[in-house]
Structures are given as C-alpha cells and as structure tokens.
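Q: Quick one: structure below, then a few questions.
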Amino acid sequence: MPRWLPRAMVLALALVAVFQLGSWAFHQLIGLLINILIAFFLALAIEPAVSWMASKGLRRGFATFLVFLITLIAVAGFVTLLGSMLAGQIIKMVEDFPAYLDSVISWINTTFHTELKRVDIQEGLLRSDWLKKYVQNSATGVLDVSAQVLGGLFQLLTIALFSFYFAADGPRLRRALCSVLPPARQAEVLRAWEIAVDKTGGYLYSRGLMALISGIAHYILLEYLDVPYAPALAVWVGLVSQFIPTIGTYLAGALPMLIAFTINPWYALWVLVFVVVYQQFENYMLQPKLTAKTVDIHPAVAFGSVIAGTALLGAVGALIAIPAIATLQAFLGAYVKRYDVTDDPRVHGHRSRGSGNLLARVRRRLEEQVQQFERKRGAKPTDDSAKRDRGQGPDDGTS
C-alpha cells in the first residue's frame, strides 16, 4: 500500500464530513439568512432618508431610530384604520351575503333559464364533506395558528433589529468590508452599494407613490358607481397592482369587478374598462416619469424576475426580485461594451421582399457556374459572357 493512500483517504473523509456539516448548518440557518437578506434590503430602502438626516447634523443611530419610529407610526395607523374599516365592512358583507347570493342566483336563472334556489345551495354547502373537514382542521389547528403568530412576531423583530443595525452602522459595515479588499475592488464594491441603495429606495418610493395614485383613482370610480367597500377595494387595487408586475393590475381589478357585478352587471363592465384605460395611462405616462431615474427594466424581465424570486424565496423573493435585478442590470451596464447599431432595415423588423433581386442573384449564380464549367473544359467563354465580365451588357444589335 502506498504511504500517501491512508492520508488521502482520511483527507477525503474529512472533506465529506465538512461538506455534510456545512450543508446541515446551511439548512438549519436558511430562515435566519432569509431574514438577514430582507433586513439588508430594508436598510437599503431607508438609507437615503437616514443619510439625509445625518447630513443635517443628527447622529446616524438617532436618525435611524426616527425613521423607524415614523415608519412604525405610519404602518400602525394604516393597519388600524384599514383593520377597523375592513372589520366593519366584512361584518356588513357577511350580513348582506344572502342578498348578494339571491341577486346572483336571480341573474343566473334569468339568463340561463335555470331554477336554482338559495336554500338548496345552503343545504349542499352545509352537508358537504370539505366543510366538515375544514371545521375539524380549524378546531385542531388553533395551537398551530398561535405558534405561527408568535413565530411571525419573532421574525419581524429579528428583521427590524438587523435592518436597524445595517442602516445605523452602514458606514462602519462598508469600511469593514472594504478593509479586506484591494483599492480597485473597494471602488467597485462602494459603487455597487450606492447603486443598490438608489435602486431599492427608488423602487419602493416610486411604487408606493403609484399605489397611492392608483388607489385614489379607483376609489373615485367605485364611489361614483356607489359600489360598497370602496375604500378597502381601493387599497387592495393600489397595493396588488403595483407590487405584482405586469398582471397585478388585472388580478387586483378582479375583486372590484366581482363586487360591482353583484350590484349591476354593467358596473362590472365599467370597472373593467377603467382598469384597462388606467393601465395604459400608467404604462405610457405615469410610470415612465416616476421610474425613469430609479428602476427602468423591461416588463418581461420584471415578470420573469418575480417568478424566479417566488420560486427561490417565496413571497420574499417576489418583493426583492425587481430591485435586485435592477441593481444587477445597472452595475453590469458599466462593464458591458456597446456599439452603434447599423442602420439596417432588418434591425427594425423589415424584411426585403424584392423577388426581382432574388431572381437576379439566382441568374448570376447560374451564369457563374456555367463559366466555371466552360473554363474547366478549356472552352472560350461566349461573347455575351465575356462582355458581362467586362461590365458590358449583351450585344442585342442596338447601338
């Protein structure tokens, strides 16, 4: 046995053991790593506000505390107002649900000439197996829900603490990171950090502003049509339409259309028309002005990044996918060399359809093949072929 074989076997076993240990530790800490990633992007989002306050003379830690306090008060007020409004409207919706169901059944019976009855539908629901299973699972899952709530609160506290430290100690963190890199790499890291701050903060601020405008516009429409639960529906449309790219507007508009349909089918059509028109206004007029200097990526790339982020990290990946892709696109843009595009019609999607040019090319190709064949046989080219070789046309007897 070679002397190096035992040591090689021990080294291989040690590497396998280290890999297994690292893989186990990574799977155990995946939740913490995701929380740190969320906290990092939140710190990037509030970095502009913290830096502005610090430039006015406030200590960076106190500035971060003020930003967190203002954000917490705004979120708590919004949740309180929305929760109280939704609670009252949900109670009213439950009370009015039989009337909505009667109107839908009446429309179905009138349109499709059926004889549905609300009593039959209610009895079918009460006797269904899935309702019994749902009640049993709900009764046995109270402790699980309580544990999930406590776990969610602990997760929010962890994210808040990490984001506070990332924002308050941002300069110290950048200095510690750059201290282990050469000067050229330090400049690249600082530039990437600055781009990430601009893109993340700009994305959240611009999306928040567009969500506010969208919510106000849809609230005016729903209030004008006298659709119930207009404030809650407007908040729903504003948030979903802006933070789910490409298809978020149509997903958000489905709920107001359904509620409007129970009042009047024509109201649902008006809501659909307004959603489509507002989407065009937002895409061509509002969004380019708000996101021209913040996040400017193709809608297909945005939608694909959200799908990929959801597949990797779930809802968290869907939220941070667009600013992450925008940051990567802006950072790589400085290192990708670009050239001027030639002024070719094919660049604009135009194809040449001149059949005469094609026939001429085919004819010249055949004549060249005939000349090559004649040269190989040692024959003298014909007079017409010789004239064409000299750039003259065939002798047709005219002067």
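Q: I'd like to check something: does the stretch 6-13 contain any residue that is within 20 Å of F164 (Cβ to Cβ) and either at pLDDT below 90 or not assigned by TED's automatic domain parsing to the domain that holds G314 (or both)?
A: There is no residue in the stretch 6-13 that is within 20 Å of F164 (Cβ to Cβ) and either at pLDDT below 90 or not assigned by TED's automatic domain parsing to the domain that holds G314 (or both).
Q: Could you tell me how many of the residues in the stretch 165-183 are among the hydroxyl-bearing types (S, T, Y) and more than 18 Å from L37 (Cα to Cα)?
A: Count: 1.
Q: I need every pair where a residue in the stretch 253-267 that is touching a residue at least 60 places away in the same chain (Cβ under 8 Å) and buried (at least 16 other Cβ atoms within 10 Å of the Cβ) has its Cβ under 6 Å from the Cβ of a residue that is part of a loop (DSSP other than H, G, I, E, B) and not β-branched (V, I, T), sequence separation at least 6 or different chains.
A: Every condition considered, no pair remains.
Q: Do you know which residues across the stretch 249-286 are among the β-branched types (V, I, T) and either under 23 Å from the mean Cα position of the chain (by Cα) or at pLDDT 85 or above (or both)?
A: T249, V271, V273, V275, V276, V277
Q: Another question about this same structure. Within the stretch 126-171, take every residue that is among the basic types (K, R) and surrounded by 10 or more Cβ atoms within 10 Å (Cβ to Cβ) and give me the one that is modelled with the highest pLDDT.
A: In this case the residue turns out to be K133.
Q: Another question about this same structure. In the stretch 241-252, what residues are at negative phi and either surrounded by fewer than 20 Cβ atoms within 10 Å (Cβ to Cβ) or not β-branched (V, I, T) (or both)?
A: S241, Q242, F243, I244, P245, I247, G248, Y250, L251, A252
Q: Additional query: Could you tell me whether any residue of the stretch 172-182 is on the phi > 0 side of the Ramachandran plot, surrounded by 14 or more Cβ atoms within 10 Å (Cβ to Cβ) and out of contact with any His (no Cβ under 6 Å at 6 or more places or on another chain)?
A: No.
Q: Here is a further query. Name the helices (runs of 4 or more DSSP H) wholly inside the stretch 193-293 in which the number of residues that are touching a strand residue (DSSP E or B) at 6+ places or on another chain (Cβ under 6 Å) is 3 or more.
A: Hits in the stretch 193-293: none.
Q: Something else: What number of residues within the stretch 217-233 are under 23 Å from L319 (Cβ atoms) and either surrounded by fewer than 18 Cβ atoms within 10 Å (Cβ to Cβ) or of a type in the set (A, V, I, L, M, F, W, C) (or both)?
A: Final tally of qualifying residues: 2.
Q: Within the stretch 194-226, track down each residue that is small (G, A, S) and farther than 21 Å from A326 by Cβ.
A: Residues of the stretch 194-226 small (G, A, S): 196, 201-202, 206, 208, 211, 214-215, 217.
Across the stretch 194-226, the qualifying residues are G215, A217.
The values are calculated or read from the model by the stated rules, or taken from the named source; none is laboratory data. Please read all numbers here as calculations on a predicted model, not as lab measurements. Cβ sites come from the backbone with ideal geometry, for glycine too, and all protein chains shown count toward neighbours.
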